[in-house]
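Structure first, then comments.
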Amino acid sequence: MGYPFELPALGYDHDALEPHIDARTMEIHHGKHHQGYTNNLNAALEKYPDLHSHSGEQLLVGLADLPDEIRTAVRNNGGGYVNHTLFWAIMAPGGANEPTGKLAEAIDGAFGSLDELKTSLGATAGKQFGSGWGWLTAGPSGDLAVSGTPNQDNPLSEGLIPILGVDVWEHAYYLNYQNRRPDYISAWWNVVNWDVVATNYANATE
Ligand code: MN
């Protein structure tokens with residue numbers, strides 16, 4: 001999937017994640033913010049047909065090789081495009097509410113327990129200064145790690161594969177949580193679909 005990029009469907013209703021994420025936030029976040037990143041990414045790529053076959057992920061992996069005049073636009077808007085596509089998918093309702101199988105083993109191995117992963121990622125995402133993301137990533141040998149990035153930067157540009165990400169831009173939580181980012185992050189764990197995260201982990205390590 002490449003240029004022109006299209007806003008991916010949510011796959012569930014705007015109110016499906018309530019009470020943890022309210023419907024109005026989802027409407028604006030998906031319909032306005034993600035649509036905006038999508039439009040801006042397409043505008044940046046329009047005059048670069050050589051890049052039209054690249055997926056969003058490929059663009060972020062190869063950020064350093066992009067033409068100077070569009071590198072920042074692709075970093076911000078390609079990041080916005082890819083980050084939110086992952087975000088909607090891992091929040092899909094109805095899946096496992098905790099990790100199982102190889103992902104559970106990997107989490108226990110890396111962090112000790114799911115609760116310790118939540119504490120670590122919650123702390124990292126909670127203290128991310130300004131806008132950004134908290135991530136659970138898989139490295140080249142499948143090793144899991146927690147990290148944070150500013151703005152719409154994605155771990156793919158650092159050689160890591162994100163399998164779960166939490167958006168800590170104010171647009172992700174302000175209507176419901178105002179300045180209480182830690183409360184939003186705590187509630188957010190309730191809507192993580194661990195089946196999707198497990199699939200992401202399997203794809204990252206195959
Ligand atoms: Mn966002």
Would you mind checking the radius of gyration and Dmax of the stretch 23-90 based on alpha-carbon positions, in Å? 12.4, 39
Put a dot 7 Å past each Cα toward the Cβ at Glu105 and Glu6; how far apart are the dots in nm? 3.9 nm
Per the 1/(1 + (r/R0)^6) rule, R0 = 35 Å and r from the Cβ atoms of Asp115 and Gln178, FRET efficiency to 0.05 is 0.85
Is the shape of the stretch 101-205 best called rounded, prolate or oblate, per the rule: a/c under 1.5 gives rounded, else a/b larger than b/c gives prolate, else oblate, with a ≥ b ≥ c the square roots of the Cα gyration tensor eigenvalues? prolate
Just Gly56, Gly11, Gly134 to compare: in a GNM of the chain, with alpha carbon springs under 10 Å, which one fluctuates most? Gly11
Could you work out what % of the accessible surface of the stretch 16-81 is carbon and sulfur, using a 1.4 angstrom probe and leaving DNA, RNA and ligands out of the count? 47 percent
What accessible area per residue comes out for the chain, rounded to a whole number of Å², with a 1.4 Å probe? 48 Å²
Could you give the angle, 0 to 90 degrees to the nearest 10, between helix 101-111's Cα long axis and the longest principal axis of the Cα atoms of the chain? 80 degrees
In whole Å and largest first, what semi-axes does the C-alpha gyration tensor of the stretch 101-142 yield when each eigenvalue is scaled by 5 and square-rooted? 22, 13, 6
Would you rank Arg180, Arg71 by solvent-accessible area, highest first, keeping every protein chain in place and using a 1.4 Å probe? Arg180, Arg71
Selected from Gly130, Gly165, Gly139 as most flexible by GNM, with the chain as the system and alpha-carbon contacts under 10 Å: Gly130
In µm²/s, what is D for the chain at 25 °C and 0.890 mPa s, where D = kT/(6 pi eta Rh) by Stokes-Einstein and Rh is the Kirkwood radius from Cα pairs? 142 µm²/s
Rounded Å value of the spacing that divides the Cα centres of the stretch 104-158 and the stretch 6-79: 21 Å
Just reorder Asp115, Asp50 by solvent-accessible area, largest first, 1.4 Å probe, all chains present. Asp50, Asp115
Give the aspartates and glutamates reachable from Lys47 as a straight Cα distance under 19 Å; neighbours fewer than 8 places away on the same chain don't count. Glu6, Asp65, Asp68, Glu69
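The values are calculated or read from the model by the stated rules, or taken from the named source; none is laboratory data. Here the structure is a predicted model, which means the values were calculated and not measured. Glycine also receives a Cβ, built like all others from the backbone with ideal geometry; neighbour counts cover every protein chain displayed. With ligands, DNA and RNA removed, areas are computed over all heavy atoms of the protein, side chains included. Shrake-Rupley method; radii C 1.70, N 1.55, O 1.52, S 1.80 Å.
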